[in-house]
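Single-structure report; data block below.
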Amino acid sequence: MGDRFSVNIAGYSLTVTTERSAEHMERLSELLNERVREVQKSGGTANYLHVVMLAAMKLGDEILELREELGREKRRFEERSQELLAVLDQALK
């Protein structure tokens, strides 16, 4: 089932059960807290729930951008691999 960890997000304690390591959970909570502070500094809202949702949206945006970049790199790698295979095939003929 996993281990239970207590994490602090924006001053609120939350207990989660996960298969992840304590170090991973610490890094995760630090990352979310960084984004919460960024949202708070921008001053758009003081509502705790809104701040956390906006921070989650920032993280989600980063994930989507990285996934798109990864997809582009995978396609580029596949294209280059096919080119190299064609060169090798031609050289072996």
The helix 48-92 Cα axis meets the longest alpha-carbon principal axis of the chain at an angle in degrees, between 0 and 90 and rounded to 10, of 10
For labels at Y12 and R75 in the simple 7 Å Cα→Cβ model, what's the distance in nm?
4.0
When the C-alpha atoms of the stretch 52-93 are aligned to their principal axes, what extent does each axis show, in angstrom, from largest down?
61, 7, 5
Can you match volume of the Cα convex hull per residue in Å³ to one of these, [x] 110; [y] 93; [z] 144, based on a calculation from the structure here?
[z]
Between the modelled labels at E38 and E19 (7 Å from Cα along Cα→Cβ) the distance in nm is 2.9
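Which value, in Å², gives the accessible area per residue of the chain when a 1.4 Å probe is used on the protein heavy atoms?
Working: 7740 Å² over 93 residues.
Result: 83 Å² per residue.
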Helix 22-42: angle to the longest alpha-carbon principal axis of the chain, degrees 0 to 90, nearest 10?
70
Proximal aspartates and glutamates relative to K58, as straight alpha-carbon distance under 13 Å, when same-chain residues fewer than 8 apart are discounted:
E34, E38
Below 8 Å, C-alpha to C-alpha, sequence gap of six or more: please give me the relative contact order for the chain in percent.
17
Can you send over the carbon and sulfur percentage of the accessible area for the chain, probe radius 1.4 Å, protein chains only?
55
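Evaluate the charge dipole of the chain about its Cα centre and quote only its size in Debye, nearest 20, assuming +1 on the Cβ of each Lys and Arg and -1 on the Cβ of each Asp and Glu. If you can, show how the numbers build up before the last one.
On the way: 14 positive and 17 negative charges, 27 e Å.
Using Cβ point charges on Lys, Arg, Asp and Glu, the chain gives about 120 debye.
The values are calculated or read from the model by the stated rules, or taken from the named source; none is laboratory data. Being a predicted model, the structure only gives us computed values, none of them experimental. For neighbour counting, all protein chains shown are included, and Cβ atoms are generated from backbone atoms with ideal geometry for every residue, glycine included. We work out accessible area using only protein heavy atoms, side chains counted, and drop any ligands, DNA or RNA first. Shrake-Rupley method; radii C 1.70, N 1.55, O 1.52, S 1.80 Å.
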